[in-house]
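Working notes, structure below.
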Amino acid sequence: GLGIGGIVAVLWLLAVVGLVTPWSGWVLLLGIPVICWKQALALWQRARETSFELPSRFGGWPLVIGWALIGLLALNFLSVIRPFPIGWDDLGSYLNRPHLLVEYGGFIPKMASFQWEYVTSLGFWIFGSETEFGAVASMLLNWMAGVVAVLAAIGVARLVLKRGGLLTGFFYALLPVVGHFSFADM
């Protein structure tokens, strides 16, 4: 939470001083791991060394729940890259503000406070505001927030309860409000 809050604050600051350019987006994207190289290296090592076993004779419920969770996230992903138009909220607000931010190259009054759209604008910053891929990358950044939230729910359950992480993540992903913001309102 502190990390993403810090990134939003830095993006807001860049917008205020008028440095919303692809260069600044790439510097920020590559600069954070460089500045925090010890933490990035430790996370990479931990991810490589982590392993887990699925207890049971046929894979058991963890395997079934894991596949169901992956299927649910994949369905949400397909709705992000859908070929048909999305609603007004998405185009008029959630994607329009980041697009305008990049088009103007700086701060716009509609984004005065710290908002998630600063993170969404990274897709436009890095891959261009006039390209379809920039818009898709922006929507994928929004989708990744849901994936990170599910992973956080799994991690908290494993940390606190010592078990049941997949089940917690699956039930979290099934919540109507999570489903709505994962695919319906994307």
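Observations, loosely collected:
- Among residues of region 1-52, those that are hydrophobic (A, V, I, L, M, F, W, C) and under 19 Å from SER138 (Cβ atoms), counted: 17
- For beta carbons closer than 6 Å, sequence separation of 6+ or different chains, a first residue in region 1-24 that is within 26 Å of GLY146 (Cβ to Cβ) and a second that is open to solvent by 60 Å² or more (accessible area, probe 1.4 Å), the qualifying pairs are VAL8/PHE114; TRP12/PHE114; ALA15/PHE107.
- So SER138, is it out of contact with any Gly (no Cβ under 8 Å at 6 or more places or on another chain) and open to solvent by less than 90 Å² (accessible area, probe 1.4 Å): no
- Failed item in (1) open to solvent by 20 Å² or more (accessible area, probe 1.4 Å); (2) at pLDDT 80 or above; (3) within 24 Å of GLY31 (Cβ to Cβ), with PRO98 passing the rest: (1)
- Residue in region 66-77 that is over 19 Å from ALA145 (Cα atoms), modelled with pLDDT under 85 and open to solvent by 70 Å² or more (accessible area, probe 1.4 Å) present: yes
- For region 145-165, a residue qualifies if it is open to solvent by 60 Å² or more (accessible area, probe 1.4 Å) and at pLDDT 80 or above, and the qualifying residues are VAL148, LEU151, VAL156, ARG158, LEU159, VAL160, LEU161, LYS162.
The values are calculated or read from the model by the stated rules, or taken from the named source; none is laboratory data. All of these numbers come straight from a predicted model, not from anything done at the bench. A quick note on method: Cβ atoms are made from the backbone with ideal geometry, for glycine too, and the neighbour counts reach across all protein chains shown. In case anyone asks, the SASA skips ligands and DNA or RNA and just uses the protein heavy atoms, side chains included. Shrake-Rupley method; radii C 1.70, N 1.55, O 1.52, S 1.80 Å.
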